[in-house]
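Colleague: Encoded as structure tokens, here's the structure I'll be asking about.
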Amino acid sequence: MLHGKRILLIISGGIAAYKSLDLIRRLRERGTAVRCVLTDSATQFVTPLSVSALSEDRVYGDLFSLTDEAEIGHIQLSRDADLLVVAPATTNIMAKMAQGIGDDLATTVLLATDKDVLVAPSMNVRMWEHAATQTNIATLKSRGIWFAGPTEGAMACGEFGEGRMVEPLEVLAEIESYFTTSAPLAGRRAIVTSGPTLEAIDPVRYIANRSSGKQGHAIAAALAHMGAETILVTGPTNETAPAGVDVRHIESAREMYDVCVGALPADIAVCAAAVADWRPARQGDRKIKKEKGAAPPSIEMVENPDILRTLSSAGNQRPALVVGFAAETGDLIANATAKLMRKECDWIVANDVSADTGTFGGDTNTVHLITANGSEDWPVMRKNEVADRLAERIAGRFNQSTEAVG
Ligand code: C5P
């Protein structure tokens, strides 16, 4: 479950920092990449050298280190991880998180991140029970921050009560449950195509189609939401770029092909774009003029590269799961099943795009999921619901133990 995942571990200055050394070791044993940020006071409890040796990486600590910023900026540091873990979390760092204070590398990273954060508090029972701490915790929970512990027990200061950091194995269990429930596709890389392609006739005219990109964009958003590193390759649409998605704009099928192939390797490919099957054989570099008395021009067409088929037969670069779309106006299931075979993809999402369905450009879709096991009819749903359900199915497919690429 944790293999190939990337954790950014922030260690703040508490006596329980020694437990984080064990946590790093256990994460590494499971094939998790662990990058560590230490606060100044953390270095009083554990040495950067031991953290570095166990994490097998360098340790970050100084916000104003020119070398660090040149090698990997603090914004990048916060975004490169699948999950941020603060362990141990002192009352001080939690107060700063609640207030939005960024006065060192650790707190700046916590402010700059777009990833989820798991916190394992560690402090004296009276500090834990203090109204200020409890208010900060309520604020952090309301923002979706996860907590592991604390537990009750004997404290380093000789008192007894709640405030002890949970044991490393319990933090590990929380991290595992996070990945299974919230970000089941973390560490996976997905390529999604969306929208129409435009095939130029001359510098001002082109052939296009009615695809709005709504379904493809919603799928990219759903995969990114589940933690996948998502590249959306899209033709011109009116859709806004989904949050956390790397959007690459293209116009022609050949450009889409180049970007998709260049984005390999990937674990998942979902080809939802309405790629033009043909393009004008010649694209004049001047506008075709309407000459008086001349017959209308005829446009010779040639076939475009098939992106879905190419990705499905990409040898050792083939994504573990390739999903195609089949927009049909008749014999939906039979045509889509034939397409599954012909394109050598794993699944086909078949939808009826007959004029009366309103699928093109509309907000709802009626689809059938076709796999090697047959076809499933899904009820009419909003396109973002179709996307969420498809992303859940994809996550379910990866819940077995396929290894992430790269
Ligand atoms: O053969 P047809 O165009 O109907 O197949 C549709 C599926 O193939 C869609 O998933 C579409 O994105 C993909 N496709 C492609 N490259 C093409 C044509 C279609 O990826 N040149």
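Colleague: If a residue has to be of a type outside the set (S, T, N, Q), outside any loop (DSSP other than H, G, I, E, B), touching a helix residue (DSSP H, G or I) at 6+ places or on another chain (Cβ under 9 Å) and within 30 Å of K287 (Cα to Cα) to count, how many in the range 175-213 make the cut?
Modeller: Adding up the residues that qualify gives 1.
Colleague: Restricting the search to the range 250-264, which residues are more than 18 Å from A281 (Cα to Cα) and out of contact with any helix residue (DSSP H, G or I) (no Cβ under 9 Å at 6 or more places or on another chain)?
Modeller: Of everything in the range 250-264, those that are more than 18 Å from A281 (Cα to Cα) and out of contact with any helix residue (DSSP H, G or I) (no Cβ under 9 Å at 6 or more places or on another chain) turn out to be D258, V259, G262, A263.
Colleague: In the range 316-332, is there at least one residue being more than 13 Å from the ligand (Cβ to nearest atom), assigned by TED's automatic domain parsing to the domain that holds R393, on the phi < 0 side of the Ramachandran plot and in contact with a Pro (Cβ under 6 Å, 6 or more places away or on another chain)?
Modeller: Yes, the range 316-332 contains at least one residue that is more than 13 Å from the ligand (Cβ to nearest atom), assigned by TED's automatic domain parsing to the domain that holds R393, on the phi < 0 side of the Ramachandran plot and in contact with a Pro (Cβ under 6 Å, 6 or more places away or on another chain).
Colleague: A further question follows. Just to confirm my filter: which strands (runs of 3 or more DSSP E) fall fully inside the range 214-288 and include at least 2 residues that are open to solvent by less than 50 Å² (accessible area, probe 1.4 Å) and among the hydroxyl-bearing types (S, T, Y)?
Modeller: Result: 229-234.
Colleague: I'd like to check something: does the range 343-356 contain any residue that is open to solvent by 50 Å² or more (accessible area, probe 1.4 Å), at pLDDT below 95, more than 26 Å from P184 (Cβ to Cβ) and within 14 Å of the ligand (Cβ to nearest atom)?
Modeller: The answer is yes, given that some residue of the range 343-356 is open to solvent by 50 Å² or more (accessible area, probe 1.4 Å), at pLDDT below 95, more than 26 Å from P184 (Cβ to Cβ) and within 14 Å of the ligand (Cβ to nearest atom).
Colleague: Test E162 against the criterion of being more than 19 Å from R254 (Cα to Cα) and part of a helix (DSSP H, G or I), and give yes or no.
Modeller: no
Colleague: I would also like to ask the following. Helices (runs of 4 or more DSSP H) wholly in the range 64-104 with at least 2 residues that are over 22 Å from S20 (Cβ atoms) - which ones?
Modeller: In the range 64-104, the matching helices (runs of 4 or more DSSP H) lie at 66-71, 74-79.
The values are calculated or read from the model by the stated rules, or taken from the named source; none is laboratory data. The structure displayed is predicted, hence computed values, not measured ones. When we count neighbours, we look across all protein chains shown, and the Cβ atoms used for this are built from the backbone with ideal geometry, even at glycine. Ligands, DNA and RNA are stripped out before the accessible areas are found, and what is left, the full protein with its side chains, is counted by its heavy atoms. Shrake-Rupley method; radii C 1.70, N 1.55, O 1.52, S 1.80 Å.
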